[in-house]
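*Asks:* Pasting a structure below so you can have a look.
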Amino acid sequence: MARPARAFKVCLPHPHSTWNARPRGFGDFSIKSGAYGYSTSAPSPATGAVVAGAGPGGITVLGNLLEQSPHLSARKFLWVDPHFEAGRVNSRYREVPSNTNVKLFLQFANEVSAFRDIVDATPKPNAVTALQALPQDKGCRLSYAADMCLMLTEGLAQHPDVKQRRSKIKAAVLDEQSNVWKVTLHNGEKVTTSHLVLCTGSSPISKTIPSLEKISSLSLKPVDLDYALKPTLLDQTLDHREPATVAVIGASHSAILVLMNLVNMASSSHPQLRVKWFTRNKLRYAEFMDGWILRDNTGLKGQAADWARQNLDEETFQSSLVSKIITKHWTTGNEDQVYRAELPDCTHIIQAVGYNRNPLPDLQIVERDTTITKPLHVEFDHVTGRFFKSSDSRSKTDREYVPRLFGAGIAFPERVTDPHGNVEYAVGFWKFMRFAKKVVPEWMSKA
Ligand SMILES: Cc1cc2nc3c(=O)[nH]c(=O)nc-3n(C[C@H](O)[C@H](O)[C@H](O)COP(=O)(O)OP(=O)(O)OC[C@H]3O[C@@H](n4cnc5c(N)ncnc54)[C@H](O)[C@@H]3O)c2cc1C
């Protein structure tokens, strides 16, 4: 995918770095034994935390770790990502209209001192001034938010307490005796740390849904959801000279964005394009209540909601021009039958059926009083941002946390309950920030 030009230069007035980087393994550890060759009696690590991932989630966590720095003995943070290009919001969603208002992105950039320093030090105009120039109570293209993340990333990289590694975390072994994590990167580098934070993100579910797997005769071309969310790529994927019928599965925010993109193409560059939309559920919208938002994380919002109301709702669909391009197919209760009947005359298929966590690094543990390294299976606690051992079968209240392992971002969001008792997972820049502000001080204060 094309790498966007970085338009903004960050010049931070930091004194020169005191970071003691060593070419291989700058954390203090001694090589001895075990799968990753570590000693079980590692001295106190020099690295206060290792953060995996530099998308909006990782940026949020790093900003909050720096906020805690004055209270920490080990203040150096290692930040690991293969690209440092603001994660999916930049690589995949630049052309997507945001489902949050512009002012929330600016609130995010103003929430911790490390970010404020970057914003103050960056020559204007920059990504933040570009956001400031937009209407604040409306959404924007996510390219604006992505540029802001790139600007923050560039600034964080210059912070004297942050060291970047352009790699991925391959494995991490917890020494239960010392509560120290020994982390191995894909580039072979090894480091010890007292805290490991996973902000490794999520990707669209690409596995074919079971009902479709049963229909062996289908020869539909799958179109990646990431492509379908990017009109410039979708345009190249579908041949405008050929008739095409695209099956779209799902009724999520992403599914509606895909329908919008396809309808725009069918009404302009691809007049022979038609769409069959398969959904189990009626559209659900976020609703502004008295000081809170009903279905804040699961309902349609922003441009996608406006478009769906005008074109897809029961009341508007038949009279909308969109019904000339899209046919709706309810799959509730008779999914297999509907797909068997409707899919054979489709040429392409786009599944917009959710997102899954990206694979985690290989987590392992050397249990107390042993030297044997075992696999460590974990389960996320959406309240504290910590992890339980999956093997711990005690009730949630009695279970122990895996020491000093944490998660944030879209893969590890906070669980929230609204005033009506509905439970949701809080996903979005500002929600990551709110969660991090609550939990990061606790992560760093408790062993
Ligand atoms: C279609 C869509 C629209 C959205 N619109 C909005 C919106 O309008 N407003 C809003 O606030 N939010 C929005 N979100 C939600 C959210 O802000 C984004 O999904 C955001 O990209 C999530 O950030 P993240 O850092 O958690 O994950 P990602 O952006 O996926 O970043 C994860 C990073 O981790 C890296 N990584 C993975 N594994 C490793 C490893 N082992 N070691 C080191 N690095 C690793 C990856 O390379 C990547 O850079 C939207 C989400 C979607 C799907």
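*Asks:* Can you confirm whether Pro359 is surrounded by fewer than 16 Cβ atoms within 10 Å (Cβ to Cβ) and not in a loop (DSSP other than H, G, I, E, B)?
*Replies:* So Pro359 fails the test.
*Asks:* Residue by residue through segment 157-178, note down the ones that are surrounded by fewer than 16 Cβ atoms within 10 Å (Cβ to Cβ) and in contact with a Lys or Arg (Cβ under 7 Å, 6 or more places away or on another chain).
*Replies:* Gln177
*Asks:* Find the residue count for segment 390-423, including only residues that are under 23 Å from the mean Cα position of the chain (by Cα) and surrounded by 19 or more Cβ atoms within 10 Å (Cβ to Cβ).
*Replies:* Count: 12.
*Asks:* Would you say Arg340 is in a strand (DSSP E or B) and surrounded by fewer than 20 Cβ atoms within 10 Å (Cβ to Cβ)?
*Replies:* no
*Asks:* Among the residues that make up segment 70-84, is at least one of them within 10 Å of the ligand (Cβ to nearest atom) and polar (S, T, N, Q)?
*Replies:* The answer is no, given that none of the residues of segment 70-84 is within 10 Å of the ligand (Cβ to nearest atom) and polar (S, T, N, Q).
*Asks:* When you check Lys182 against the structure, is it outside the structural domain of Ser143 (by TED's automatic domain parsing) and either touching a residue at least 24 places away in the same chain (Cβ under 8 Å) or in contact with a Ser or Thr (Cβ under 9 Å, 6 or more places away or on another chain) (or both), yes or no?
*Replies:* no
*Asks:* Can you name every residue in segment 362-416 that is small (Gly, Ala, Ser) and not in a loop (DSSP other than H, G, I, E, B)?
*Replies:* Answer for segment 362-416, where residues must be small (Gly, Ala, Ser) and not in a loop (DSSP other than H, G, I, E, B): just Gly407.
*Asks:* Next up: Pairs please, first residue from segment 311-333 and closer than 12 Å to Ala251 by Cα, second anywhere and among the β-branched types (Val, Ile, Thr), Cβ atoms under 6 Å, 6+ apart in sequence or on different chains.
*Replies:* Sorted first by the residue in segment 311-333, then by its partner, the pairs are His329/Val338; Thr331/Val338.
*Asks:* Tell me which of these Thr332 doesn't satisfy, since it passes every other one: (1) modelled with pLDDT of 95 or more; (2) under 31 Å from the mean Cα position of the chain (by Cα).
*Replies:* It fails just one condition, (1).
*Asks:* Same structure again: Quick one: what pairs do we get from segment 402-426, first residue under 13 Å from Asp381 (Cβ atoms) and in the same structural domain as Thr193 (by TED's automatic domain parsing), second among the polar types (S, T, N, Q) and within 13 Å of the ligand (Cβ to nearest atom), C-beta under 8 Å, 6+ apart or different chains?
*Replies:* Ala408/Thr60; Tyr425/Asn297
*Asks:* Of the conditions (1) modelled with pLDDT of 95 or more; (2) in the same structural domain as Leu363 (by TED's automatic domain parsing); (3) of a type in the set (Asp, Glu), Glu176 satisfies every one except a single condition; which number is it?
*Replies:* That leaves (1) as the condition not met.
The values are calculated or read from the model by the stated rules, or taken from the named source; none is laboratory data. In this text, all values refer to a predicted model and were calculated from it rather than measured experimentally. Quick reminder, even Gly has a Cβ in these numbers, built from the backbone with ideal geometry, and neighbours come from all protein chains shown.
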